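The values are calculated or read from the model by the stated rules, or taken from the named source; none is laboratory data. All values reported here derive from a predicted model rather than from experimental measurement. A quick note on method: Cβ atoms are made from the backbone with ideal geometry, for glycine too, and the neighbour counts reach across all protein chains shown.
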Amino acid sequence: MSINRRKFDALVIGAGGGGLRAGLHLAREGVHTAVVSKVFPTRSHTVAAQGGINAALANMVPDNWHWHMFDTVKGSDYLGDQDAIEYMCKVAPKIVYELEHFGVPFSRTEKGKIYQRPFGGQSQNFGGDQAARTCAAADRTGHAMLHSLYQQNIAANTHFFDEYFAIDLLRDDDGHVTGALVIEIETGEPLVIEAKATLLATGGCGQMYKTNTNAHVNTGDGMAMALRAGIPLQDMEFFQFHPTGIAGRGLLLTEGCRGEGGYLVNKDGERFMERYAPNAKDLASRDVVSRAIYTEVKEGRGCGPDGDHVHLKLSHLGADVIMKRLPGIRDTCMTFLHKDPITDLIPIYPTAHYVMGGIPTNRAGEVVSVGKRKGTEAVVPGLYAAGECACVSVHGANRLGGNSLLDIVVFGRAAAENMIEYVRANPAHRDLPEKSLEQVEGRLARWEQTGEGPSVLDLRNELKTAMETYCGVYRDQETLATGIEKVAEIVERIKDVRLKDQSKVYNTSRIEALELENLADIAMATVTSAHARQESRGAHSRVDFPERDDANWMQHTLYLREGRKLAYKPVRTQPLTVESFPPKKRTY
Amino acid sequence: MRFRIYRYNPETDREPYMQEYDLPEIGADMVVREALIIIKGVDETLSFRHSCGEGVCGSDAMNINGRSALACLTKLADLAEPVEIRPVAGLPVIRDLVVDMTGFYRQYRAVKPYLINRDPEPEIEHLQSIEDREKLDGLYECIMCGCCSTMCPSFWWNPDKYLGPQALLQAWRFLADSRDQATDERLDDLEGPYKLYRCHTIMNCVEVCPKGLNPTKAIGHIKQLMLKKAI
Ligand SMILES: Cc1cc2nc3c(=O)[nH]c(=O)nc-3n(C[C@H](O)[C@H](O)[C@H](O)COP(=O)(O)OP(=O)(O)OC[C@H]3O[C@@H](n4cnc5c(N)ncnc54)[C@H](O)[C@@H]3O)c2cc1C
Ligand code: SF4
Ligand code: SF4
Ligand code: FES
């Protein structure tokens, strides 16, 4: 079978905020670029982001990027790389102004400037008063950003491959990435896209948990592609559980609810966050709030007949604020709960939300693998990553709300900038690595086997339940060990799955089968990394090791698929121009 | 609950047909999307698009009991049995409930759906008053699901020439934006008997929009502006 081939200078896999920001920069610079996405660009999950994007614009209260940097380092529980964090916080204002120029319909202040709301973990003056740093378009910021970015890509004539699914990277014997094998979902036909530089911007993997805030398509494909290409995943044990998902349902209610003045209450009507975080209260960091809710429920102060959730109170904000600032939230509550936040309490519970870990990159967006010598890094030539699938790492062990939308555009742009240079410095395409292509084709061919076997849906559900049970908010050695066994068993059983639908045209079952393989690889990375880390830091809470252990564990985890091996590398504590923020006890 | 679902796979079916499925247990708050996921668990061959599950990505527009709607926001409890699910009307079917939206996207691109501002870029944001920003409410929230255009008779009859409610709503979104400077150019682009003027105010679009947007009103605003310009 001969596969069609297309050649581009640059290939961007993913058309969420990260991929579109990169694609726009590449297209505007005249680089011949293909942007591939398994869903039409505006259906990417960036569209669901609600609360906003952080930048120290100081439109509401005094602010500066250095305070933003401090909050981010502290929020990361000192696992974030301070060079990358400094870079991100410093360019944030410029990046947000740029978005405004692209047409993002930000909400406005009386003076006509971009409206900013307070979000968790934000402070003025290195831990002082609450800051208001999150630039918002009502509670539809992600939608506004994604659509504006797509619109500017239309203006720039970016070349899109809509509804093409990337199977795997092509990598030659010298370690260069030379493109990817994709399939056109509509026809089921494979296609090789060759490129001098490839960017992974495939987003998160929240679908590995049973209750999550993520879209059906958030299956961590890019991360699994990296793993299969011999590249490690970094810090996968750090998975964020958002405090305010609708209980049992998973839909997200933005932190902006609390930013606008909402708060949490237990069954006694007590505003319990005052006990856990006397200063920041409901706007403490997400890991802190999620654990507090968990504790309330465990100690019998949960709400509802089963006492299995707590309440978010918004009614005191008044109809006007709710309708102006949180209209989407109100819609969601009315549609899915028959409750109106203007009058009713809303049942919430921590919900799987965001992966801090991902494909290791430096702040130029280049993917860095483990080097030959212990503790060193080596750039993977021709490969870049940005957005939720990447780990720069600006979020470390816990991401602050509003910092992901920032991360995706900052590093989407930075990666594109470096791809442009790389493409110009390397005018010729490298040869197509036949061996690598054969391997990838094999992965696709495996799904042509027919016969009886478990179904994709059943195993996907089993995997999600296993992760929720054995690798959730609170963890210990024994449950994690069981988790590894369970996931390993599921990985084995996936080999027995057979597709009943062998058709080509728009076969969503085949896509879901490939996604299941991806999810399972990532779940394995997550539970293995979590099992090894014997401390509590940020979102990783070990009951058996409740303290943070800077002497032994202030380092990044690297998980390799082959042999399920782990390696570690130091945190980059040295910022670019300012002084390092040394680890301190984290209180809010 | 009984479902009748439109099935068509071009590789094996000469003609589309309706297939029946029964779901014995229906949760109180269940929506059509959840029912389809369960059905797909039983019958892998059923294809449909869906993603966010909360009415923001716009993937899962389909014709449910005769009208375009998002599967993820349509409650089973509100539907008469058997629930009849077909692909949205007016666009070519690729397979089952999946339609080819190329024409719909082409009309969107035709209205230059992006901010055009030719001034040198300011160092900071363009200023915009709260009142001017409010003019964009009810416009920018469009999720491009196509519920409106696929219920619009004018769009069915002139899919190539009439831009349809979605694209026209977006045309107005930029005309209404105080930061945009391409008003004349945008209006010129809408000249002619078809692009704009095929709207006969039938209001189907308004009735079905899952985001509560009002394309008819937007079209009215454009017509007014055209008139002003002509004078
Ligand atoms: C409900 C919700 C609310 C949020 N709110 C906020 C907020 O207020 N502020 C904030 O900072 N962050 C927020 N976040 C986090 C933030 O929105 C995401 O981390 C971010 O949008 C991810 O962007 P991305 O570009 O990396 O990925 P995505 O937007 O998920 O895009 C991924 C892209 O990759 C493509 N893709 C994936 N796999 C493949 C494949 N195999 N082949 C081809 N294409 C593929 C997809 O089609 C898609 O185009 C929120 C997250 C959620 C879930
Ligand atoms: S009002 Fe106009 S756009 Fe809307 S359905 Fe009727 S003809 Fe179509
Ligand atoms: S106007 Fe409404 S119905 Fe039409 S595409 Fe936009 S959101 Fe969908
Ligand atoms: S699944 Fe996204 S709008 Fe319905």
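Among the residues making up region A:403-436, those that are farther than 27 Å from A:TRP553 by Cβ and surrounded by 24 or more Cβ atoms within 10 Å (Cβ to Cβ) are A:LEU405, A:ILE408, A:VAL409, A:VAL410, A:GLY412, A:ALA414, A:ALA415, A:ALA416, A:MET419.
Within region A:268-304, being buried (at least 20 other Cβ atoms within 10 Å of the Cβ), more than 26 Å from the chain's Cα centre (by Cα) and among the small types (Gly, Ala, Ser) holds for one residue alone: A:GLY302. With respect to the conditions (1) surrounded by 18 or more Cβ atoms within 10 Å (Cβ to Cβ); (2) within 14 Å of ligand 4 (Cβ to nearest atom), B:LYS75 lacks only one, and its number is (1). Within region B:195-223, restricting attention to residues that are within 14 Å of chain A (Cβ to nearest Cβ) and on the phi < 0 side of the Ramachandran plot, the residue that is nearest to ligand 4 (Cβ to nearest atom) is B:PRO210. Within region A:96-114, the set of residues being touching a strand residue (DSSP E or B) at 6+ places or on another chain (Cβ under 9 Å) and either free of Cβ contacts under 8 Å to residues at least 24 places away in the same chain or surrounded by fewer than 22 Cβ atoms within 10 Å (Cβ to Cβ) (or both) comprises A:TYR97, A:GLU100, A:ARG108, A:THR109.
Is there a residue being within 16 Å of ligand 4 (Cβ to nearest atom), in contact with a helix residue (DSSP H, G or I) (Cβ under 9 Å, 6 or more places away or on another chain) and outside any loop (DSSP other than H, G, I, E, B) anywhere in region B:126-145?
Going through region B:126-145, the residues within 16 Å of ligand 4 (Cβ to nearest atom) turn out to be B:141-145.
Remaining after also requiring in contact with a helix residue (DSSP H, G or I) (Cβ under 9 Å, 6 or more places away or on another chain): B:141-145.
From what is left, the residues that are outside any loop (DSSP other than H, G, I, E, B) are none.
Within region B:126-145, not a single residue is within 16 Å of ligand 4 (Cβ to nearest atom), in contact with a helix residue (DSSP H, G or I) (Cβ under 9 Å, 6 or more places away or on another chain) and outside any loop (DSSP other than H, G, I, E, B).
Just wondering, is there one or more residues in region B:153-167 that are in contact with a Lys or Arg (Cβ under 8 Å, 6 or more places away or on another chain), small (Gly, Ala, Ser) and away from chain A (no Cβ under 11 Å)? Yes - at least one qualifying residue is present in region B:153-167. In region B:41-57, the residues that are assigned to a helix (DSSP H, G or I) and modelled with pLDDT under 95 form Cβ pairs under 8 Å with partners that are more than 16 Å from ligand 1 (Cβ to nearest atom) and among the polar types (S, T, N, Q), at six or more places apart or across chains, as follows: B:GLY41/A:SER455.
Condition check for A:THR42 on (1) within 14 Å of chain B (Cβ to nearest Cβ); (2) assigned to a loop (DSSP other than H, G, I, E, B); (3) buried (at least 24 other Cβ atoms within 10 Å of the Cβ); (4) not hydrophobic (A, V, I, L, M, F, W, C): one failure, at (2). Listed by position, the strands (runs of 3 or more DSSP E) contained in region A:325-400 that have at least 3 residues being over 19 Å from A:ALA84 (Cα atoms) are A:346-355. Screening the candidates B:ASP13, B:ASP29 for the property of being at pLDDT below 95 and either surrounded by fewer than 17 Cβ atoms within 10 Å (Cβ to Cβ) or more than 14 Å from chain A (Cβ to nearest Cβ) (or both) yields one hit, B:ASP29. Has region A:254-263 got at least one residue that is acidic (Asp, Glu), farther than 28 Å from A:ILE3 by Cβ and either within 16 Å of ligand 4 (Cβ to nearest atom) or in contact with a Lys or Arg (Cβ under 6 Å, 6 or more places away or on another chain) (or both)? Yes, region A:254-263 contains a residue that is acidic (Asp, Glu), farther than 28 Å from A:ILE3 by Cβ and either within 16 Å of ligand 4 (Cβ to nearest atom) or in contact with a Lys or Arg (Cβ under 6 Å, 6 or more places away or on another chain) (or both). Is there a residue being within 14 Å of chain B (Cβ to nearest Cβ) and within 16 Å of ligand 4 (Cβ to nearest atom) anywhere in region A:27-37? Yes - at least one qualifying residue is present in region A:27-37. Here B:TYR140 qualifies as hydroxyl-bearing (Ser, Thr, Tyr), within 12 Å of chain A (Cβ to nearest Cβ) and surrounded by 15 or more Cβ atoms within 10 Å (Cβ to Cβ). Condition check for A:TYR506 on (1) over 21 Å from the mean Cα position of the chain (by Cα); (2) assigned to a helix (DSSP H, G or I): one failure, at (2).
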